[in-house]
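Below: one structure, written as structure tokens.
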Amino acid sequence: MLTRLALALAAALLLAACAAQTPPPTITPAPTLDTTALAADIQAQIFATLDAQPSATLPPSVTPAPTLDTTALAADIRAQVFATLDAQPSATPPPSITPAPTLNAEALAADVRVQVFGTLNARPSATPPPSVTPASTLDADALVSTVQARVIAVFTAEAEQARAARAAEAAAQQATQTAVALLPVDVSQDDDPAKGPADAKVVIIEFSDFTCPHCARFARETLPLLLDAYGDRVRFVFRDAPILGQMSVIAALAAECADDQGKFWEYHDRLFANQQGLSGQRLFEFVQELEMDAAAFETCMNDQARLAELVKDYEDAQAAGLTGTPLFFINGRRVVGAQPLEVFVSIIEEELAKQGQ
């Protein structure tokens, strides 16, 4: 039963943590290409070549054709470009990397050459306009360079726009999360073990795991200093969030059974002081060291009489936004992790000041 509970709690926390994270961008690069402008570039390139050629008698197999079906050529190039872009990984590159997709220049040159020469050869015989000097050759490499430069420029510009949009969205989400995190949360003290008077001006509620090293550091180093410094003005409440495995649940259950005998805080200290060597045997050794009723403790553990209390604490922790331990609420103000003493002091002082203390 304990193993199943531990696994269920860990799985539930993992799902909660995953749900809380901002999903990574899932935009697949698919830049559009201005085929009309590209067609104009291609046409200008071809006619510039035709016009620049000296007058010459064309080979018999070539029929002069000063015009070109640039729409069809643009469609061929568009297909070539998008085939290349679609082959790129869909993951969005880090912001520091400028996208520069490669283009199969050789294949594109071949397509262009076939399109151009196919058009020239297929045209019916006609006298070209006086301003055009026919030419059967075309500088396909120069044409490809023009096309490639335009394609990469378009892709880079759109990728930068998409990156900027994602960055703005992420910043807005972060701002919202920060604002929400600063809002006080109504967290119940329940009937869990506490130190300090019930009417204290400041209530610190901790959701903790006895196998969590950060929780142990807070319990050993920070908590005693806070209680010494603020005395009756602070009440500290310990609630369970056993999320790190089977021993987390067993140790929390053992501490609840110790609480039945009025020994919670002594047992609490033993657990955190011996965190690295926790075992079933050690849990019963603590009972002997604290001169507890061993038979009553064993019955409590075997009957799992306090298991419902652990589940209640964990459910409340989830409802309060638990993503890891320790998690604190100081008069409802969230503090995540074993923060330095100064962080706790600053918030406590602010809360006391609000109440004229």
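Taken together, the values in this text are just the output of simple stated rules run on the coordinates, not laboratory data. This is a predicted model, so every value here is computed, not measured. Note that each Cβ is placed from the backbone with ideal geometry, even for glycine, and that neighbours are counted across all protein chains shown.
So the values come out like this:
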| item | result |
| --- | --- |
| Estimated inter-spin distance, Gln355 and Lys312, nm [label 7 Å along Cα→Cβ] | 2.4 |
| Square roots of 5 times each gyration tensor eigenvalue, C-alpha, the range 260-357, largest first, Å | 33, 17, 14 |
| For the range 200-319, size of Cβ-based charge dipole, Lys and Arg +1, Asp and Glu -1, in debye | 420 |
| Within the range 242-311, GluC sites (Glu not before Pro) in DSSP loop having at most 11 other beta-carbon neighbours inside 10 Å | Glu291 |
| Translational diffusion of the range 187-326, µm² s⁻¹ [Kirkwood Rh, Cα pairs; Stokes-Einstein; 25 °C; 0.890 mPa s] | 160 |
